[in-house]
Amino acid sequence: MEYNKKVVTLVYGCQMSERDAETLTEITRHFGYSPSEDLETADLVIVNTCCVRESAENKILGKIGELKKLKERNSRVKIAISGCMVQQPGALERLQKRAPHVDIWAGTHNLHDFSALLRKVEQGEKVAEVWQEPKGTLEVASFAEKGKLHANVNIMYGCDNFCSYCIVPYVRGRERSRKPKEIIEEIKSLVDSGCREVTLLGQNVNSYGKEFTPALDFADLLHQVDQIASLLRIRFITSHPKDLSDKLIKAVAEGEKLCEHFHLPIQSGSNFILERMNRKYTREYYLKRVQQIRELIPNASITTDIIVGFPGEAEEDFEQTLTMMKQAHYSQAFTFMYSKRSGTLAAKMEDQIPLDVKKRRLQKLMSVQNSESLEWRQHMIGQVVEVLVEGPSKTNPQRLTGRTRGNELVVFKGDLASIGSLVHVKINEAGTWTLVGEVESNRGIQSFM
Ligand code: SF4
């Protein structure tokens, strides 16, 4: 295959969206495209979209508008818009009217059929296809650039939870789990091409396999992935707190390659708000899950997502979120201001919170979490931690970076030859986001490349 065409892929949103964008890029290789970052010389631009927040959608609409100007300068370039934003009920027609310069529109359910759409466009047609329903689980070619250490692997699609603020169940359909055999084969082929760390992806990995007979759950799947030779680390996101089983916590405690990191979105510390969000757990239940993790895995890193300014959130509800941050000791939190998402229940709730109040609460929340994150990292000073070496640091190329099992970023002086290996690093300094350390040379490196 001669790669004489360039594709630029722009991604918005979560790891699911990133993984889908990788799939699309991989599909274009079969048409002679090689990935590029230069829009000006691109033959194809793919924008894989997100619709989780209206602000994200506005940003994407701005980008689609910019691409019109690109097309005026370069009439050869084809534009493809795919993913969640296109999949929203009734969105396609509205988007097509707004952006007639787009050549391909594709939803989330027909991504694996992108080659059929691209073929038509290469013959001069414009195409738009959005399937209303998924057809089975999406089996896609594994994707890992040679030597790329980390890869995302979908283990399931969709979500059954219908949190009142979230559009995902409407754009990604109901939960469907991929068969373990297919997941294991994909990971083995990734490992053969140089991958050493995988993140297993699902909107709610804890309900993986609930439709399987004979029964096989997420902990069982993790056990199988843990056996794969030459794979060094396994991560997973996202864990819905209501489905986090003792069996799963035990599996992480016992697994050799399973990283001791749980991303456990709390969203709010107030039971009143959690109920309005339809999260199906209480603050007390959540804290018991945290306690169970800490009992079995004392060093586990727990991260979270939090929304402030959800409709009806009073000052005392927000205060409960702040106390939650302190009780749960998160190593990191992804914090957001609630933003209306049309088509969801929460968007129709009457008691919306004014923007200035949301902004103030977000600032306060971030400052509380920043000191928690700093404290979490400071307690690591003096510890020797296992780090998977990723490469030179972006801010200081004289140093290397990598991540701990808890997903904390570490910067240290080291040998380029250790990239792709596990090293032991003694932590000497800690900031809110980064740890600084030195390699414990007497422990050596563990190389699998
Ligand atoms: S669990 Fe809730 S927030 Fe997460 S994807 Fe499903 S509906 Fe959305």
* Among the numbered conditions (1) of a type outside the set (A, V, I, L, M); (2) assigned to a strand (DSSP E or B); (3) at pLDDT below 95, tell me where Q398 comes up short. => (2)
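Listed here are the residues, each with its yes/no results for (1) more than 27 Å from the chain's Cα centre (by Cα); (2) assigned by TED's automatic domain parsing to the domain that holds F236; (3) not hydrophobic (A, V, I, L, M, F, W, C).
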residue: V11; (1), (2), (3): no, no, no
residue: T25; (1), (2), (3): no, no, yes
residue: F31; (1), (2), (3): yes, no, no
residue: I46; (1), (2), (3): no, no, no
* Asked: If you go through the range 184-192 one residue at a time, do you hit one that is hydroxyl-bearing (S, T, Y) and either within 16 Å of the ligand (Cβ to nearest atom) or crowded, with 19+ Cβ neighbours inside 10 Å (or both)?
  -> no
* **Test set (1) within 21 Å of Q267 (Cα to Cα); (2) part of a helix (DSSP H, G or I) - R377 fails condition number** => (1)
* **Residue list for the range 283-322, filter: open to solvent by less than 60 Å² (accessible area, probe 1.4 Å), more than 16 Å from the ligand (Cβ to nearest atom), touching a helix residue (DSSP H, G or I) at 6+ places or on another chain (Cβ under 9 Å) and not small (G, A, S)** => R283, L287, V290, Q292, I293, I297, I302, E313, D317, F318, T321, L322
* Asked: Where residues in the range 193-210 are more than 28 Å from A346 (Cβ to Cβ) and either among the basic types (K, R) or over 18 Å from the mean Cα position of the chain (by Cα) (or both), which of them is nearest to the ligand (Cβ to nearest atom)?
  -> G209
* **Failed condition for S342, given (1) assigned to a helix (DSSP H, G or I); (2) of a type outside the set (A, V, I, L, M, F, W, C); (3) closer than 30 Å to P311 by Cα** => (1)
* Can you tell me how many residues in the range 384-400 are within 23 Å of the chain's Cα centre (by Cα) and crowded, with 20+ Cβ neighbours inside 10 Å? -> 3
* Structure fact -> Condition set closer than 19 Å to K63 by Cα and in a helix (DSSP H, G or I), scope the range 1-19, selection least open to solvent (accessible area, probe 1.4 Å): answer is S17
* To do: Among the residues of the range 323-337, count how many are touching a residue at least 60 places away in the same chain (Cβ under 8 Å) and open to solvent by less than 10 Å² (accessible area, probe 1.4 Å).
  => 2
* What residue, of E139, E145, E133, is within 29 Å of K348 (Cα to Cα), away from the ligand (no atom under 16 Å from the Cβ) and at pLDDT below 90? -> E133
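With the structure loaded, tell me whether K210 is part of a loop (DSSP other than H, G, I, E, B) and either open to solvent by 20 Å² or more (accessible area, probe 1.4 Å) or touching a His at 6+ places or on another chain (Cβ under 8 Å) (or both) or whether it fails that test.
yes
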* **Residue selected from the range 338-348 under the condition of a type in the set (A, V, I, L, M, F, W, C) and farther than 30 Å from S301 by Cβ, by the criterion most open to solvent (accessible area, probe 1.4 Å)** => L345
* **Near pairs, Cβ below 7 angstrom, 6+ apart or cross-chain, from the range 296-310 (on the phi > 0 side of the Ramachandran plot) to any residue that is open to solvent by 20 Å² or more (accessible area, probe 1.4 Å)** => G309/M337; G309/I353; G309/V357; G309/K358
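Can you report the number of residues in the range 109-123 which are assigned to a loop (DSSP other than H, G, I, E, B) and either among the acidic types (D, E) or modelled with pLDDT under 90 (or both)? First the steps, then the outcome.
As a first pass, look at the range 109-123 and keep what is assigned to a loop (DSSP other than H, G, I, E, B): 109-110, 123.
Filter again for either among the acidic types (D, E) or modelled with pLDDT under 90 (or both), leaving 109-110.
Final tally of qualifying residues: 2.
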* To do: Could you please let me know if G83 is at positive phi and under 19 Å from the mean Cα position of the chain (by Cα)?
  => yes
* Residue in the range 349-368 that is open to solvent by less than 70 Å² (accessible area, probe 1.4 Å), touching a Phe, Trp or Tyr at 6+ places or on another chain (Cβ under 7 Å), in a helix (DSSP H, G or I) and not aromatic (F, W, Y) present -> yes
* Asked: Going through the range 200-237 one residue at a time, which ones are acidic (D, E) and farther than 27 Å from L388 by Cα?
  -> E211, D217
* Return yes when S164 is open to solvent by less than 20 Å² (accessible area, probe 1.4 Å), away from the ligand (no atom under 14 Å from the Cβ) and within 30 Å of G343 (Cα to Cα) and no when it is not. => no
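The values are calculated or read from the model by the stated rules, or taken from the named source; none is laboratory data. Everything numeric in this text was worked out from a predicted model, so none of it was measured. All Cβ positions, even for glycine, are placed from backbone atoms using ideal geometry, and neighbour counts span all protein chains on display. Side chains are part of the model used for accessible areas, which takes the heavy atoms of the whole protein and leaves out ligands, DNA and RNA. Shrake-Rupley method; radii C 1.70, N 1.55, O 1.52, S 1.80 Å.
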